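In what follows, a structure is listed as structure tokens, so that the remarks can point back to it.
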Amino acid sequence: MEYRILKNVKGPADVKKLSESELVELAAEIREALFNRTTKIGGHFGPNFGIVEVTIALHYVFESPKDQFVFDVAHQTYPHKMLTGRAQAYIDDEHFRDVCGFTNPVESEHDMFYIGHTSTSVSLASGLAKGRDVLGKKGNVVAIIGDGSLSGGEALEGLDFVGEMDTNFIIVVNDNEQSIAENHGGLYKNLEELRNSGGKCENNLFRAMGLDYRYVEEGNNIAALIEAFKEVKDINHPTVVHIHTQKGKGYPLAEKYREDWHYAMPFDRETGKHLHDYSGESYSSIFAEKMLDKIEKDKSVVVVTAAIPGVAGLSQEVRGKMGRNYVDVGIAEEQAVAMCSGIAKNGGKPLFVTTATFAQRVYDQMTQDVSLNSNAVTMLLFSASIYGMGDATHIGISAMSMFTNIPGVVFLSPTNKEEFGAMLDYSLEQNEHPTIIAVPNDGVNSAEYEVARDYRKLTYQVCEKGEKIAILALGDFFAIGQKTAKYIEDKTSSKVTLINPRFASGVDKELLDELIKTHDVIVTLEDGILEGGFGQKIASYLGSKDVKVLNYGFEKKFYDAVPAPVVLEECRITPEKIFEDISSC
């Protein structure tokens, strides 16, 4: 691909020089660049293909970075990056890793924030507008938010606040009739009314919040978008520009199967098939199959998600089979957890499934609405791990230190698929406490040791009995514990005690008291941040005892796109380095 126009766009000023026909050609070249990158390394597909024309029109009309753009979630900013001097990262394979998947101020002055979570743009932009005004600065502030993001609490709080700001503030609502999965929530009925009426229906969510309003039906028409943006540029009050776009535009498969193509792994452009085989057993497929069976047998079980059912293997077919026992609240994690507390209070068996990075938003609900009320809510966390970690925006390693310190919460860390199933069964059947289960991330392993069925009593499992050295390897770090134990035994000809703690939220004091009678060194391994985590609980209890305690986990910092093996080596979480540390005790 020649990229006749795109290769000469070094910044927004170059976009302004183009004719209308050249802008259309530029859009086609941007999509080719998107294909070049996503077919080879994957990435957010549908959102970026749908927002190409919007991005071109924004940069044609406004003057970034004097005019400040805040993209919600920022997973639809690949075209923005191309138009702000970073096109090489999309057209030249050797430069793919030059940029991250989200806006990042370190990369460019055209990126206001490094953010990867949804529903934040309006609130962040309101701060930019306030800062601009109090310092007497000039320029437009533009928040770009997708329709799916509107259901988030922060988005609604932001809209409500901005409605009384008497200043320049522009909100571009990119309405493609889709979140990651389908949209959920009453406000989407109004968006449909607005689309069907050309923005003229009497019932208008945005006007009700005190915002001015304009509608653009042809949201993938550059000329129409330029006209609309020119109308609101330098406006002196908050206004919404509601545009109707096509998610995945330019690729028929993505236009038809919008949920499947929100994010794409490397694929063949002609067929749409993955370049690598991702089939086989996974915890997502195990969970989906298990919950279908549970719901069939017990109609009090309710599975709740917040717009990311695919993470848990809950395809459209699976969701259909679950019927009323499946609920998607949209992008509204706080609603999900509080609702689960109510379901439990009325005798239901709720299970909220999400990823660890998104669970950060529900700390308050887990503390107040759930745990303080002792309601038996189950929260299942995917990606609470260093494995598979990407940009700093999607780190899940803080989940353990965050949630294990909420009073009353039982945090379980299974090591294999049988233990995972047993913990799910236990959590859904008991009615005494909230439970969080961290899904293993080191692949699907089978049980090598006896699997408990009852987790009412906090007890660790001794898998191998040894002497002098004991390794407490939690969750998906149990495999590292096994390898370390074997390595030490090979080096010393002395057997190591290997323990599966199972519980991340408490200390088995009775077992630890027995261990220190015959062991000199206690090693803890956890797939999480050390501070406030599992290992520190062990070290605190044993602090006054005559025993060495070595804790292995991660530093309290943002790991940004660092491969897991590199982090493990850096934190000395390898058999060789652990043995070195033990030998120096």
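The values are calculated or read from the model by the stated rules, or taken from the named source; none is laboratory data. Just so you know, these numbers come straight off a predicted model, no measurement behind them. Every residue, glycine among them, receives a Cβ derived from its backbone with ideal geometry; neighbour counts consider all protein chains shown.
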Quick one: in segment 258-282, of everything that is of a type in the set (Phe, Trp, Tyr) and either exposed (fewer than 15 other Cβ atoms within 10 Å of the Cβ) or more than 17 Å from the chain's Cα centre (by Cα) (or both), which residue is nearest to residue 342 (Cα to Cα)? 278
State all residues of segment 441-465 that are in a loop (DSSP other than H, G, I, E, B), over 14 Å from residue 477 (Cα atoms) and either out of contact with any helix residue (DSSP H, G or I) (no Cβ under 8 Å at 6 or more places or on another chain) or basic (Lys, Arg) (or both); if no residue qualifies, say none. 448, 449, 450, 453, 456, 457, 458, 465
Looking only at segment 229-254, which residues are hydrophobic (A, V, I, L, M, F, W, C) and touching a helix residue (DSSP H, G or I) at 6+ places or on another chain (Cβ under 8 Å)? 229, 240, 241, 243, 254
What residue, among those in segment 549-585 that are in contact with a helix residue (DSSP H, G or I) (Cβ under 7 Å, 6 or more places away or on another chain) and of a type in the set (Ser, Thr, Tyr), is surrounded by the most Cβ atoms within 10 Å (Cβ to Cβ)? 552
Criterion: touching a residue at least 60 places away in the same chain (Cβ under 8 Å) and either exposed (fewer than 15 other Cβ atoms within 10 Å of the Cβ) or touching an Asp or Glu at 6+ places or on another chain (Cβ under 7 Å) (or both) - qualifying residue of 474, 458, 498: 474
Looking at (1) in a loop (DSSP other than H, G, I, E, B); (2) in contact with an Asp or Glu (Cβ under 7 Å, 6 or more places away or on another chain), which is the only condition residue 138 fails? (2)
Which one of 546, 520 is touching a strand residue (DSSP E or B) at 6+ places or on another chain (Cβ under 8 Å) and either of a type in the set (Asp, Glu) or buried (at least 19 other Cβ atoms within 10 Å of the Cβ) (or both)? 520
Could you check segment 1-84 for helices (runs of 4 or more DSSP H) lying wholly inside it with 1 or more residues that are more than 16 Å from residue 111 (Cβ to Cβ)? 12-15, 20-41, 46-50, 52-61
Residue 348, sole failed condition from (1) buried (at least 20 other Cβ atoms within 10 Å of the Cβ); (2) in contact with a strand residue (DSSP E or B) (Cβ under 8 Å, 6 or more places away or on another chain): (1)
For segment 292-310, check the following and say yes or no: at least one residue is acidic (Asp, Glu), within 16 Å of residue 184 (Cβ to Cβ), surrounded by fewer than 20 Cβ atoms within 10 Å (Cβ to Cβ) and in the same structural domain as residue 432 (by TED's automatic domain parsing). no
Consider residue 414 carefully, then state whether it is in contact (Cβ under 8 Å) with a residue 40 or more places away in the chain, in contact with a Pro (Cβ under 7 Å, 6 or more places away or on another chain), buried (at least 24 other Cβ atoms within 10 Å of the Cβ) and not hydroxyl-bearing (Ser, Thr, Tyr). yes
Looking only at segment 141-167, filter to residues that are polar (S, T, N, Q) and in a helix (DSSP H, G or I); which one of those is nearest to residue 57 (Cα to Cα)? 149
Tabulated pairs, segment 196-210, first on the phi > 0 side of the Ramachandran plot, second assigned to a loop (DSSP other than H, G, I, E, B) and β-branched (Val, Ile, Thr), C-beta under 9 angstrom, 6+ apart or interchain: none
Any chance you could count how many residues in segment 502-522 are touching a Phe, Trp or Tyr at 6+ places or on another chain (Cβ under 7 Å) and free of Cβ contacts under 8 Å to residues at least 60 places away in the same chain? 5
Against the conditions (1) under 26 Å from residue 398 (Cα atoms); (2) crowded, with 22+ Cβ neighbours inside 10 Å, where does residue 469 fall short? Just the number, please. (1)
Looking at segment 224-238, which of its residues are surrounded by fewer than 19 Cβ atoms within 10 Å (Cβ to Cβ) and either assigned to a strand (DSSP E or B) or in contact (Cβ under 8 Å) with a residue 12 or more places away in the chain (or both)? 226, 230, 231, 233, 234, 235, 236, 237
